[in-house]
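Each remark here refers to the structure printed beneath this line.
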Amino acid sequence: MEELIQKIEKLAEVYSVNLKNRIDIRIEEMKADDNSHYLIYRVLGISRQEGQLIDQYQNTGRFLYKYAGAFLEEAATLCLNFKFPNGIKTKIENTIGQRPKTFEIDFLNGNDAIEVKWKDATTDGDHITKEHTRVQVIREHGYKPIRVMFYYPQREQAIRIQETLKTLYKGVEGEYYGGDEAWEYLKAYTGVDLKLILTQIANERVPENGN
């Protein structure tokens, strides 16, 4: 277990360094950006200084979201591999439609086809259609589709999408875990309390009441 914790800590450090470097590069690039659109910001009551901060956070926020998701999904996969070293990421042929040609399974362990997501904030109805096809294809290949999503979206429409997906999974005798249930599922499935490990790492880096 100690070796796993060290791997997760090292993974966190790698993602942290890469994120900082990417943000630093983008902020430097922004110094050469055309800021003529600040005229419209000012029309709407936003000062040039406020506009610069908004643009900076908007740009860097996209990197943070991307890196946060990739890190958590990789850390969860480390936990899965810790318990089930023969589990693999794999692709299966789409036996129902032509697009996409294949679907990816994040972690295939025996008959368990586990999809690991940190968050899904989509409000696109097409997402439901694609996911419906995906779980049916997984079933046709003889696997059980299992969705593990650690954070629920905040917006009402996105939440409704997730409720529909949960029904889809149940309809094909799959399993759906979101929010706290996802953390508990991973703990029960692997014997690893990833949330506790990440909380300890977070408190060492940035205490809860820190700045």
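The values are calculated or read from the model by the stated rules, or taken from the named source; none is laboratory data. Keep in mind that this is a model prediction, so the values were computed, not measured. We place every Cβ from the backbone using ideal geometry, glycine too, and count neighbours over all the protein chains shown.
Of note:
- Residues in the stretch 29-47 that are modelled with pLDDT of 95 or more, assigned to a helix (DSSP H, G or I) and exposed (fewer than 14 other Cβ atoms within 10 Å of the Cβ): Leu39, Ile40, Arg42, Val43.
- Sole residue being closer than 28 Å to Met1 by Cα, buried (at least 19 other Cβ atoms within 10 Å of the Cβ) and among the small types (Gly, Ala, Ser), chosen from Ala75, Ala68: Ala75
- You will find that of Lys170, Lys91, Lys119, the residue that is touching a strand residue (DSSP E or B) at 6+ places or on another chain (Cβ under 9 Å), surrounded by fewer than 14 Cβ atoms within 10 Å (Cβ to Cβ) and modelled with pLDDT under 95 is Lys170 and no other.
- Residue match in the stretch 153-160 (condition: modelled with pLDDT of 95 or more, farther than 14 Å from Thr77 by Cα and surrounded by 15 or more Cβ atoms within 10 Å (Cβ to Cβ)): no
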